[in-house]
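> Handing you a structure now.
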Amino acid sequence: MESGKLATILSSLISQLLLLLLHNIFPFPPNSVPPNNSTDSILPLLLFSHQLAATLSLSPKHRKNKRKRDFQHPNPLTRTPDSFRNTFLMSSSSFEWLSGLLEPLLECRDPAPLFHSLHLSSGARLAIGLSRLAEGQDYQQISARFAVSDPVAKFCVKQLCRVLCTNFRFWVSFPSPSDLPSISQSFQSLSGLPNCCGAVLCTRFNIVVNANSTTTTTTTNDKVSVSQVAAQIVVDSSSRILTIAAGFLGHKSDSQILQASTLYNDIQQGTLLNAPCNQFLIGDSEYPLLPWLMVPYANPAPASAEENFNSAHEIMRLPALRAAASLRNWGVLSRPVCEELKTAVAYIGACSILHNSLLMREDFSALASEFEDCNQGCYGEPCNAMLDGEAVSSKALALRDNLAAVAKKIRDSKNS
């Protein structure tokens with residue numbers, strides 16, 4: 001067996017052994033609620049094991065140097081802060097961190113026919129994947145840039161998306177009940193309104209599909225049409241994505257997408273938000289008013305409590321608008337995706353995970369500085385969003401009125 005393959009196997013076995021040992025010693029943090037799903041408790045340890053595997057390598061140094069010599073970038077990047085931000089939407093330090101973190105995962109499962117006598121470092125593989133995700137380059141451009149074949153370029157892009165969406169999807173997960181108070185406190189510091197645990201928003205991305213199929217790759221000889229795929233996100237006050245569900249048909253309304261999502265079912269069943277504490281999300285008037293989802297008043301009177309509520313509501317929606325704009329900043333999502341629907345969904349998921357990982361490192365290279373509200377006029381229009389014709393509950397109306405009274409009190413105290 002080749003030394004490189006043996007090193008990869010041994011590294012994987014050791015990291016998994018460390019994971020099991022850590023899991024047995026520390027099943028879950030003290031004073032914390034044991035997770036319902038047994039796999040949830042080992043996710044932080046899984047991240048730690050991958051970080052350890054990325055730091056400790058069983059491959060000898062001369063082997064690593066040989067691999068780096070085998071790969072020669074035809075147009076190497078100049079090591080300047082702007083070069084990495086402009087090319088990969090991240091700083092050079094974030095690129096190095098991510099490359100080390102993903103190394104044991106990106107360098108395994110190589111198809112022998114594709115990678116025979118071709119040794120690509122984890123940094124090269126990450127650069128190939130980010131050329132697609134961050135810059136939106138097509139495979140022909142990537143192949144020419146990195147001196148690899150189209151199949152190798154496609155494999156590296158697919159592998160990066162697979163690793164991110166499979167091994168690091170916990171970077172985009174709804175907070176535990178113990179973490180929600182800190183999120184609501186951050187929203188309260190923005191608007192003064194208590195108990196808001198996130199802003200929900202639907203954003204849509206264009207995909208180019210074959211006229212005869214919704215999932216085939218477009219060719220120049222085919223009749224094509226531009227369709228849309230929708231993604232529902234929930235965002236905190238720092239524009240971090242708390243949860244995302246992608247793959248909905250774009251022509252569906254925001255209200256229909258909400259009702260079809262697991263987010264709706266989980267909240268309705270009381271597993272995500274604390275109903276006795278009146279925790280809630282906010283959304284625009286495309287959504288229905290629910291006991292846990294606050295939407296703006298339609299046509300409020302000037303200087304009224306309702307208008308004060310709408311002003312506070314609009315402030316709390318800004319982080320969600322910024323997160324959606326930031327996703328569209330990723331090159332592959334900034335234009336119609338000319339690939340299968342499932343590939344487009346993988347791109348959305350991978351870019352969301354990268355978005356959160358960069359915010360976690362306080363790297364704001366990919367964070368949108370300018371954004372606009374696609375439903376800017378919704379605050380003055382009647383809200384017709386309803387779920388299956390159900391009437392708005394009295395509890396939802398009462399909660400919104402109470403919040404409006406709080407908003408007015410805050411505004412009056414500022415004016416006095």
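A short reminder: the numbers here are calculations on the coordinates, not readings from a lab. Everything numeric here is computed off the predicted structure, so don't read it as measured data. Note that each Cβ is placed from the backbone with ideal geometry, even for glycine, and that neighbours are counted across all protein chains shown.
> Roughly speaking, what is the stretch gain from LEU318 to HIS251, that is 0.36 nm per residue apart minus the C-alpha to C-alpha distance, in nm to one decimal? Don't skip to the end; give the middle numbers.
Details: separation 67, 0.36 × 67 = 24.12 nm, distance 2.39 nm.
Gain in length upon complete extension: 21.7 nm.
> Please list the non-local residues whose amide H lies under 5 Å from the amide H of MET294, H modeled 1.01 Å from N, same-chain partners needing a gap of 5 or more.
When sequence neighbours closer than 5 places are left aside, the close amide H contacts are LEU281, ILE282, GLY283.
> Between region 85-136 and region 276-333, what is the C-alpha centre distance in whole Å?
Each part reduced to its Cα centre gives a spacing of 38 Å.
> Describe numerically, in nm with one decimal, the distance between label points set 7 Å from Cα along Cα→Cβ at SER182 and at ASN274.
1.5
> Continuing with the same structure: May I ask you to evaluate 6.51 cos²θ - 1.76 cosθ + 1.60, the Karplus curve with θ = phi - 60°, for each residue of region 306-313 and list the ³J(HN,Hα) values in order in whole Hz, giving x for glycine and proline?
Once θ is set to phi - 60°, the couplings for region 306-313 become 5, 5, 4, 4, 4, 5, 5, 4 Hz.
> In terms of the Cα gyration tensor, with a ≥ b ≥ c the square roots of its eigenvalues, is region 131-179 rounded because a/c is under 1.5, prolate because a/b exceeds b/c, or oblate? Before the final figure, lay out the partial values.
Values: a/c = 5.64, a/b = 3.01, b/c = 1.87.
Prolate shape, in that a/c is at least 1.5 and a/b is the bigger ratio.
> Let me ask another. Using per-residue counts of other Cβ atoms within 10 Å, averaged over each peptide, order 93-101, 364-372 from highest down. List each step's numbers first, then the result.
Numbers: 93-101: 18.7, 364-372: 14.3.
For the peptides 93-101, 364-372, the packing ranking is 93-101, 364-372.
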